[in-house]
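*Asks:* Could you have a look at this structure, given as structure tokens, before my questions?
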Amino acid sequence: MKKTKIYILITFFTLIILGVFFFSSSEKDHTEKNQIRKSMKGMKENVKEDSLIVFKNFIKDFNSHKAENIDQYIDPKLGMMLFFHDGPYPILRISSSIRDEIDRFGQDIFENINITDSPEYLGDFEFSKTGFFIRQNNGGFSLKDFDNTYTSHPESFFKKNRQLETSCNFSAVGISKGQYNTYHFYFQFKGNKLTLLGLSTDSVSDDMFANPKAAFIPFDNKEDIENYFQKQKLFRDKANNAYIDFGKKKITYYDFPDEPFTFESFEIDTIQNNSGKIKSVEIIFYPDQANKEDGFSTYFSNKGTFVIPPMGARPPYFYEPVK
């Protein structure tokens, strides 16, 4: 009986000692984990703050539109990727300086920095949020993602410049202050040093038709458009001194320097959604009902404006309604 009591007491005290030990260990682990979390949080905050300063300086230099200020971020041994459109032609190239193409990147971008994904484009030159949007890049930069159909670089081009892709650990989207295009930047940020590895520019999806100053017109179907033309007869491009006149059924344009194009009918194609706000449709004017080969193509939007894109020596035309 005594042995049994002794055994019970020994077991009881052993459990107490073990409980105290595990409780102390748990508290110690919990404290250490909190200290690690705080330490990591502090490190992230310090890195973030350092990053902000470096990126703020970069934005300032980019907005100076001086090649020497931007070139300081380019590693001359690596070079940098440039992607842009020369008219309708997509250009993909590697360069150690932005000097020859500086005019293509001449728009100021917003200076306020956001550590997040880029915002949604709402349409009609409006984003849901403006700024310079930075995020970490984990293998998301590839030269093969850019249109190479015109420059036709061989496979060796991509292998030679592979280091640009593997060095990239940050990317950013800068929105122009007019909100009509975006700049996409690809960086290496290491040891508080920022290296520019790639730069591309994109126009917003509805740039040909957007006009925040113009009112929207009914545009849900072809009947809406036809009804609009019943009331609105004259459209004029002041810059090119040209017009589209539904009353006289005449159009003046670059290709008709002597006599206006006379039309008898027109055909409205399928309505397209260019953005969340802008819609457009191709409208072809025909000189007569029987001749469907010599039509004159234009584009019309729910801003009430006809647009003809630039083609070769021909400038863009914007025929706005005359009230």
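*Asks:* So what does log10 I(q)/I(0) come out to for the stretch 249-293 at q = 0.26 Å⁻¹, using the Debye formula with one equal point on every Cα and no solvent?
*Replies:* Log-scaled intensity ratios, in q order: -0.91.
*Asks:* While we're on this one: Against the empirical 2.2 N^0.38 Å scaling, what ratio does the C-alpha Rg of the stretch 61-212 come to?
*Replies:* So the Cα radius of gyration is 1.03 times the expected 2.2 N^0.38 Å.
*Asks:* Let me ask something additional. Mind putting together the pair-distance distribution for the stretch 160-254? All Cα pairs, 5 Å bins, whole percent per bin, short to long.
*Replies:* Taking all Cα pairs of the stretch 160-254, the binned fractions are 2, 10, 12, 12, 13, 10, 8, 6, 6, 7, 7, 4, 1, 0 percent.
*Asks:* Further, regarding this structure: With the cut-off at 1.5 for a/c, could you classify the stretch 124-194 from its C-alpha gyration tensor as rounded, prolate or oblate?
*Replies:* oblate
*Asks:* Please list, in order along the stretch 200-213, the HN-Hα scalar couplings obtained from phi with the Karplus expression 6.51 cos²θ - 1.76 cosθ + 1.60 (θ = phi - 60°), rounded to whole Hz, x for Gly and Pro.
*Replies:* With the stated coefficients, the stretch 200-213 comes to 9, 10, 10, 7, 5, 5, 10, 4, 6, 10, 5, 6, x, 7 Hz.
*Asks:* With a cut-off of 8 Å between alpha carbons and a minimum separation of six or more residues, what is the relative contact order of the stretch 127-269 in percent?
*Replies:* 13 percent
*Asks:* Go through the stretch 85-90 residue by residue and turn each phi into a ³J(HN,Hα) via Karplus (6.51, -1.76, 1.60, θ = phi - 60°); whole Hz please, and just put x for glycine and proline.
*Replies:* 10, 9, x, x, 9, x
*Asks:* List the pair-distance distribution P(r) of the stretch 258-323, using every Cα-Cα distance, as the percent of pairs falling in each 5 Å bin from 0 up to the bin containing the longest distance, rounded to whole percents.
*Replies:* Answer for the stretch 258-323: a P(r) of 4, 15, 20, 25, 21, 11, 3, 1, 0 percent.
*Asks:* With a 1.4 Å probe and all protein chains kept in place, how do E165, E68 rank by accessible area, largest first?
*Replies:* Reading off the accessible areas and sorting them downward yields E68, E165.
*Asks:* Order 298-307, 233-242, 149-158 from most to least packed using the mean count of other Cβ atoms within 10 Å.
*Replies:* So the order, starting with the most tightly packed, is 298-307, 233-242, 149-158.
*Asks:* Taking the Cα centre of the stretch 110-255 as the origin, how large is its charge dipole in debye, to the nearest 20, when only Lys and Arg (+1) and Asp and Glu (-1) carry charge on their Cβ atoms?
*Replies:* 460 debye
*Asks:* Same structure, new question: Show the residues, 5+ positions off or on another chain, whose built amide H is closer than 5 Å to the amide H of F110.
*Replies:* Long-range HN contacts for F110: G131, I175, K177.
*Asks:* Please report the projected area of the stretch 198-283's Cα convex hull averaged over all directions, in nm².
*Replies:* Its average projected convex-hull area is 8.2 nm².
*Asks:* Amide H to amide H, which residues 5 or more places from M208 or on other chains are under 5 Å from it, using H placed in the peptide plane?
*Replies:* Under 5 Å from the amide H of M208 lies no amide H from a residue far enough along the sequence or on another chain.
*Asks:* Quick check: at a probe of 1.4 Å, how many percent of the accessible area of the stretch 67-117 sits on carbon and sulfur atoms?
*Replies:* Summing carbon and sulfur atoms, their accessible area is 43 percent of the total for the stretch 67-117.
The values are calculated or read from the model by the stated rules, or taken from the named source; none is laboratory data. If you're wondering where the values come from, they're calculated on a predicted model, not measured in any experiment. We place every Cβ from the backbone using ideal geometry, glycine too, and count neighbours over all the protein chains shown. Just so you know, the surface numbers come from the protein's heavy atoms only, side chains and all, with ligands and any DNA or RNA stripped out. Shrake-Rupley method; radii C 1.70, N 1.55, O 1.52, S 1.80 Å.
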